[in-house]
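First up is the structure itself, then whatever we jot down about it.
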Amino acid sequence: MIEPFLLRALAAGVGLAIIAAPLGAVLVWNRMAYFGETVAQASLVGVALGLLLNLDVTVSVIVTTLAVAALLIVLGRQKLVPLDAILGLTHHGTLALGVIATTLLAGPSVDLMGYLFGDVFAVTDSDLWLIYGGGAVVLAVMAWLWQPLLRVAVHEELASAEGVPSRWVRAGFIIVLALTIAIAMKIVGVLLAIAFLIVPIVAARPFASTPEGLVVTAGIVGAASVALGLTLSANADAPGGPSIVLCMALIAGLSLAISARR
Amino acid sequence: MTGASPAEAEDHAHAHYARHQHDHESCGCGHDHGPKKEFDTSALISARGLTMMRGDRTVLDHVDVDIHPREIVTLIGPNGSGKTTLVRALLGLEDMTGGEISRMEDLRIGYVPQRFDVDRTLPMTVSRFLSLGHKAPRENLRALLAEVGAERCFNQQLSEISGGELQRVLLARALAAKPDLLVLDEPVRGVDYTGEADLYALIGQLRDQRGIGVLLVSHDLHVVMAASDRVLCLNRHICCSGVPETVAQHPEYMRLFGVEAARAFGVYRHHHDHAHGLDGRELPVPTSASPAETL
């Protein structure tokens, strides 16, 4: 007999794995992994803001993520410092600020580790509503933007010359990315959220020959990692989120090793 | 829109021409550019006084360009001469500081970009790439690839084909939109010398068969120039223009590219299958030289 909390954890993790796959693919194709990492970690500032202003943490995380993404896009236009340096600066700066602010504001009663690494076994029914409701919105937007996103990923300038409104397509993508980060934070925390998006794509790449095939395979890898990770966690009493991400990383490593031998 | 007098507006009002209008007088360069020049109404695309400032730097300085149907125009210039900015302006990707562009009504432009590095994490076959954004039967896609001589790539992954094949696939994608004007930005990047000559022969052939206008951008000179009807030599402004032979002997061209370049050019002369007017415009000559002989 599976415990209800374990079932909820499984439902939450599998839901996230499905939502994450198309977003992760677009992140990787556009070489935006580090960008995603930066906005995800900056969302800890959103947690602090939520606590300070007594707002719903999900809402403040989404707003903060979007604000940081907008800031990064503006900073990326200057030519003096390369984008990865800007990302590094923002990534560590906002993480430090987020940790300090959350600790000071919350005092000992709030579990900082829960925000950093998530607490998949503490997922509630209302969290599941957020994951599946929000996830449906994310997937609907991704389906709507899929063709233009593919064209921008193949070649942004060519897409623009052919009439694709590249900027708006990217903006739409970043908005659903922010929503996904807010969802993922419940399960794996701000530090591991982007791993959920990126790692299954890496694992699936050697076995896919179409963009959609890659997304489906990545979704399967993600869901399998959730099942494996939760089993590991329940049996070895290891933290849930990190166990899932570790399983993903192992599958990805195995997959790359197999494809290197072929 | 303060500069145009009603009389001028009247002159410009070719009903079938859609155009952008910028205020030519306020370009801020501080000197007089003489009377406004008219658009060439026989051209596919006609630009007048294109000016682009980035900060204090002038990237383009009052550039005029016309490309006519069945004409291959080559844009040459050293690195940093504003070639890519000019192409982006003509494609409508960049807002200019000054100048105007007039496009033939419903002008369709096929574009082959300069750099094309598909991320290897994006699995995509050539046929899928060709059908991205528009639905086309597989037979049509196959025929397109055959037209550019890249049939065998049909089911291959984009990331696995060679540089020369990729250029042909990009050309096929540009042709899929049935363009009136083909714009190719440095199309021989990553292609070896014979591949280069083949590609230009192909472009000439496409021009002959489809009757399209072609704008070629290049910083390497010889073969490109020989394959074209008219050459524009750009170094922020148009230094010189005309038929390849004239441009190659022009003092401005020699100053930019060196005497050696001008001399080497002669070696690659091709036999013209048409004559040129004094303005470099192509004049019809009733011979039907096969495209393979043009190099």
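Any read-out appearing in this document is the output of simple, stated calculations on the displayed coordinates, not a laboratory observation. None of these values were measured; they are calculated from a predicted model. Quick reminder, even Gly has a Cβ in these numbers, built from the backbone with ideal geometry, and neighbours come from all protein chains shown.
Projecting the alpha carbon convex hull of region B:145-209 along each direction and taking the average yields 4.4 nm². When the convex hull of its Cα atoms is viewed from all sides, region A:194-262 shows a mean projected area of 4.5 nm². Rounded, prolate or oblate: which fits region A:1-49 when a ≥ b ≥ c are the square roots of the eigenvalues of the alpha-carbon gyration tensor, with rounded for a/c under 1.5 and prolate only if a/b beats b/c? Because a/c hits 1.5 or more and a/b fails to exceed b/c, region A:1-49 counts as oblate. Reported to the nearest whole Å, the Cα centre-to-centre distance from region B:39-106 to region B:138-187 is 26.
Counting only Cα atoms, region A:58-201 measures 55, 40, 25 Å along its principal axes, largest extent leading. Across peptide B:130-137, the mean count of Cβ atoms from other chains lying within 10 Å of each residue's own Cβ comes to 3.
When peptides A:197-206, A:122-131 are sorted by average Cβ neighbour count within 10 Å, with the highest value leading, the order is A:197-206, A:122-131. Centre-to-centre separation between the Cα atoms of region A:168-218 and those of region A:2-71: 10 Å. Considering all C-alpha pairs of region B:108-151, those separated by over 16 Å amount to 50%. With a ≥ b ≥ c taken as the square roots of the eigenvalues of the C-alpha gyration tensor of region A:121-230, please select rounded if a/c is under 1.5 and otherwise prolate if a/b is larger than b/c or oblate if it is not? In terms of gyration-tensor shape, oblate. Estimated at 0.36 nm per residue, the fully extended path between residue A:210 and residue A:257 surpasses their Cα-Cα distance by 14.8 nm.
With 5 Å bins beginning at zero, the pair-distance distribution over Cα atoms of region A:164-229 amounts to 4, 16, 19, 22, 21, 14, 4, 1, 0 %.
Length available on full extension from residue B:254 to residue B:115: 0.36 nm per residue minus the Cα-Cα distance, which gives 47.2 nm. Here the translational diffusion coefficient of region A:40-115 follows from Stokes-Einstein with Rh set to the Kirkwood radius across Cα pairs; for 20 °C and 1.002 mPa s it amounts to 166 µm²/s. Peptide A:145-158 shows a mean partner chain C-beta count of 4 within 10 Å per residue C-beta. Rounded to the nearest whole angstrom, the semi-axes of the ellipsoid equivalent to chain A, taken from the Cα gyration tensor as √(5λ), stand at 27, 25, 17, largest first. Over region A:4-197, Cα pairs under 8 Å with separation of 6+ residues give a relative contact order of 36 percent.
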